[in-house]
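Working notes, structure below.
The values are calculated or read from the model by the stated rules, or taken from the named source; none is laboratory data. Since the structure is predicted, the reported quantities are computational estimates derived from the model, not experimental observations. As a convention, Cβ positions derive from the backbone with ideal geometry for all residues, glycine included, and neighbour counts pool all protein chains shown. Note: areas computed on protein heavy atoms with side chains; ligands, DNA, RNA excluded. Shrake-Rupley method; radii C 1.70, N 1.55, O 1.52, S 1.80 Å.
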Amino acid sequence: MKFIRVLLFPIVPIYFGITWLRNRFYDLGLFASKSYHFPVVCIGNISAGGTGKTPMVEYLIRLLHKDYTLATLSRGYGRKTKGFLLANNTSSAKTLGDEPFQFYNKFKNEITVAVDENRQNGISKLRALKKQPNLILLDDAFQHRKVKAKLNILLTTYSNLYCYDLVLPTGNLREPKQGAKRAQIIVVTKCPSDLSQSQKQTIVSKLKPKNHQHFFFSSISYAREVVGKQKNVALQDLKDFTLVTGIANAKPLTAFLKKEGLSFNHLEYGDHHDFSKKEIEVISKHKLVVTTEKDYVRLLEEQQLGDNLFYLPITITIDNAQVFNELVNSKI
């Protein structure tokens, strides 16, 4: 795969030019962006996948849902449906996509969850609801410039900062790194919990934020037990289990489990993997299966897995969380 990416390097200037020109046209007003009289918050990245958007959206839901009538709007990557769809008790990962269904599964009594490839249309449909949201979180919408968000939160991972990357197809950037200037808040995600102040300053100097941008660092916090349909199991009680992942980067998770001294077999698939019947059969033969929450909501309907399927919950911890929370509230 890496070799193919190197071979595709001649396409990089073409992709760079097209995406740069598109952004320039939006900056100059030649392409129209729609603004709204209520707060729209965009959580996104300029890298393809794996920056921690889902836990950041969940963090913001917990922060804001008590003070606002809150909705999330996602594209619904990998779903089997099209157009605007509102989550309800008949929804699944197949109809909504895994991440929106995860939001609904966890927060359905507190927020409205919707999907639409057309973000303007999705916002319009949400605002037409009887329970009209007065704050909308746009999941993975940094490049969807037809909507002008009140607040843009840009994520980049500690292990793959966008300043060191190239645009697609050789690199992972969805657009030139100059696009980061649109964000008001930049968060470096998946940092080691013991990241020193000098290391943080080095990262800031590498990313060179603009004067209007605020900088934060976050790390992943793993739960001390895995969650299943019928029961929870403490980490120390897990014995010789199978880890199943279909996410962009499973290394932080496997590193954590190994650090805990756990013994496991790892079945690793691509991001947003659509499990086949044959793969489900293979997975079902394992007595104890642990997965991520995003994979869990996709595997939830597979009867063959029974009560042997568990997921490890995660949350994010933000350095200077009080400052971050106050900043978000002030911006919206």
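Summary of computed values
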{"quantity": "Count of region 8-47 residues which are over 15 Å from residue 166 (Cβ atoms) and open to solvent by 30 Å² or more (accessible area, probe 1.4 Å)", "calculated": "15"}
{"quantity": "Close pairs (7 angstrom Cβ cut-off, 6 or more residues apart or separate chains): surrounded by 17 or more Cβ atoms within 10 Å (Cβ to Cβ) in region 85-100, in a strand (DSSP E or B) and among the acidic types (Asp, Glu) anywhere", "calculated": "99/139"}
{"quantity": "Conditions (1) under 24 Å from residue 246 (Cα atoms); (2) outside any loop (DSSP other than H, G, I, E, B); number of the one not met by residue 26", "calculated": "(1)"}
{"quantity": "Failed condition for residue 329, given (1) within 30 Å of residue 42 (Cα to Cα); (2) part of a loop (DSSP other than H, G, I, E, B)", "calculated": "(2)"}
{"quantity": "Tally, over region 193-209, of residues that are assigned to a loop (DSSP other than H, G, I, E, B) and touching a strand residue (DSSP E or B) at 6+ places or on another chain (Cβ under 7 Å)", "calculated": "3"}
{"quantity": "Criterion (open to solvent by less than 40 Å² (accessible area, probe 1.4 Å), assigned to a helix (DSSP H, G or I) and out of contact with any strand residue (DSSP E or B) (no Cβ under 7 Å at 6 or more places or on another chain)) met by exactly one of 247, 280", "calculated": "280"}
{"quantity": "Every residue from region 235-244 that is surrounded by fewer than 16 Cβ atoms within 10 Å (Cβ to Cβ) and either in contact with a helix residue (DSSP H, G or I) (Cβ under 6 Å, 6 or more places away or on another chain) or part of a loop (DSSP other than H, G, I, E, B) (or both)", "calculated": "239, 240"}
{"quantity": "Subset of region 68-83 [in a loop (DSSP other than H, G, I, E, B) and either free of Cβ contacts under 8 Å to residues at least 40 places away in the same chain or in contact with a Gly (Cβ under 7 Å, 6 or more places away or on another chain) (or both)]", "calculated": "76, 77, 78, 79, 80, 81, 82, 83"}
{"quantity": "Options 171, 228: the member that is of a type outside the set (D, E, K, R) and farther than 22 Å from residue 312 by Cα", "calculated": "171"}
{"quantity": "Complete set of residues in region 84-106 that are under 18 Å from residue 246 (Cβ atoms), among the polar types (S, T, N, Q) and outside any helix (DSSP H, G or I)", "calculated": "92"}
{"quantity": "Scope region 283-307; condition more than 20 Å from residue 54 (Cα to Cα) and open to solvent by less than 70 Å² (accessible area, probe 1.4 Å); matching residues", "calculated": "283, 284, 286, 288, 289, 302, 305, 306"}
{"quantity": "Subset of region 210-233 that is assigned to a loop (DSSP other than H, G, I, E, B) and surrounded by 11 or more Cβ atoms within 10 Å (Cβ to Cβ) - its residue that is modelled with the lowest pLDDT", "calculated": "229"}
{"quantity": "Residue selected from region 155-170 under the condition aliphatic (A, V, I, L, M) and open to solvent by less than 40 Å² (accessible area, probe 1.4 Å), by the criterion nearest to residue 2 (Cα to Cα)", "calculated": "167"}
{"quantity": "Region 171-188, residues that are open to solvent by less than 30 Å² (accessible area, probe 1.4 Å), at pLDDT 95 or above and either over 22 Å from residue 212 (Cα atoms) or among the acidic types (Asp, Glu) (or both)", "calculated": "173, 175"}
{"quantity": "Any hit, region 290-300, residues being in a loop (DSSP other than H, G, I, E, B), farther than 30 Å from residue 186 by Cα and within 25 Å of the chain's Cα centre (by Cα)", "calculated": "yes"}
